[in-house]
Amino acid sequence: MALKLVIGDKNYSSWSLRAALAVELAGVECEEVLVRLYQPDSRAQLLRHSPTGKVPVLLTEQGPVWDSLAIAEYLAECYPEAQLWPQDRQARALARSVCAEMHSGFSALRSHLPMDLARDKALTELPDAAQADIDRICAIWADCRERFATSGNYLFGQASIADAFYAPVAARLRSYHVALPTTAAAYVETIYRWPAFRRWYQAALQEVKG
């Protein structure tokens, strides 16, 4: 059985994007199974694939793997030659730390700036809590790049799971026209030039056009 990745709408599902980018980093053949979200039968459709009824879920010969971070770790273990995590121990620890922070935090950002890749408009007013999340994210990016991006333009030099996790954030910041420090703005540009992200982005725009 080839791997299958069950995802939601490409324009809106940030967690699906994270898992899809991890699959691209692994360089493994994987079929996408799209389940449209916010439909009357969405949950029923998803429960056919995942015990949580949520996306993403990676279908393997041994059974489903759900949750984007679990999927990323599974791929890193199965395809160590792809080096999905940084090879330096301290860099790897930091990468895991910032992924965990993304995974469990930044609720104000998620609430007020939901991912919408087709959007091209600023908010009328950016809430203080969302701005605080953005400031923290910019600090994370600056720290990672200063300490470990000695070559390449991603958070740890070369593209890694950390970039897969922060790509949807970069997309939010561009979609909502958020003013950014120079280093953060450069990183957003790096994400938009990432071929794996660009493929998803173009597909999301086509999805919205119908």
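Read-outs throughout are calculated quantities, based only on the coordinates presented, and are distinct from any laboratory measurement. Everything numeric in this text was worked out from a predicted model, so none of it was measured. Neighbour counts run over all protein chains shown; Cβ positions are idealised from the backbone, glycine included.
For region 3-82, what is the relative contact order in percent, using Cα pairs closer than 8 Å and at least 6 residues apart in sequence?
Value for region 3-82: 36 percent.
Among Pro195, Leu94, Gln158, flag the residue with its Cα farthest along the positive direction of the charge dipole of the chain, charges on Cβ as +1 for Lys/Arg and -1 for Asp/Glu.
Pro195
For the chain, what proportion of DSSP beta bridges, expressed in % and rounded to the nearest 5, is antiparallel?
60
Expressed as a rounded percentage, what relative contact order does the chain have, with Cα pairs under 8 Å and six or more residues apart? Display every interim value, and only then the final one.
Working: 303 pairs, mean separation 51.1, N = 210.
Relative contact order of the chain: 24 percent.
With a ≥ b ≥ c taken as the square roots of the eigenvalues of the C-alpha gyration tensor of the chain, please select rounded if a/c is under 1.5 and otherwise prolate if a/b is larger than b/c or oblate if it is not? Don't skip to the answer; put the middle values down first.
Details: a/c = 1.74, a/b = 1.14, b/c = 1.53.
Oblate.
Dipole size in debye (nearest 20) for the chain around its Cα centre, Lys and Arg Cβ +1, Asp and Glu Cβ -1? Let's see the in-between values first.
Working: 22 positive and 24 negative charges, 62 e Å.
So the dipole magnitude of the chain works out to roughly 300 debye.
So which lysines can Lys54 reach, going by Cα to Cα under 18 Å and dropping same-chain residues fewer than 8 places off?
Lys4, Lys10
Taking the alpha-carbon distance from Lys209 and a cut-off under 15 Å, which aspartates and glutamates remain once sequence neighbours fewer than 8 residues away in the same chain are dropped?
Straight-distance partners of Lys209: Asp9, Asp116, Asp120.
Can you tell me the FRET efficiency between Gln39 and Ala2 if r is taken as the Cβ-Cβ distance and R0 is 30 Å, rounded to the nearest 0.05?
Details: r = 26 Å, r/R0 = 0.88.
Here the calculated transfer efficiency is 0.70.
Tell me the net charge near Leu37. Cut-off is 10 Å between Cβ atoms, Leu37 excluded, with +1 for each Lys or Arg and -1 for each Asp or Glu. Display every interim value, and only then the final one.
Values: positive: Arg36, Arg43, Lys54; negative: Asp9.
The answer is +2.
Would you mind working out the magnitude of the charge dipole of region 3-82 relative to its Cα centre, with +1 at each Lys and Arg C-beta and -1 at each Asp and Glu C-beta, to the nearest 20 Debye?
440
Which value in deg cm²/dmol, rounded to the nearest 500, describes the helix-derived mean residue ellipticity at 222 nm for the chain, given -39,500 (n - 2.57) per DSSP H run of n ≥ 4 and division by the residue count?
Values: 9 runs with 115 residues, N = 210.
Helix-only estimate at 222 nm: -17500 deg cm²/dmol.
Please order Cys138, Cys144, Cys78 by the number of other Cβ within 10 Å, starting at the fewest. Show your work: numbers first, answer last.
Values: Cys138 19, Cys144 25, Cys78 13.
Ascending number of Cβ neighbours within 10 Å: Cys78, Cys138, Cys144.
Starting from 0 in steps of 10 Å, tell me what percent of the Cα-Cα pairs of region 112-176 lands in each bin.
Cα pair-distance distribution for region 112-176, in percent: 20, 46, 28, 6.
Whose amide H sits under 5 Å from the amide H of Thr60, counting only residues 5 or more places off or on another chain, with H placed in the peptide plane?
For Thr60, the qualifying residues are Val65.
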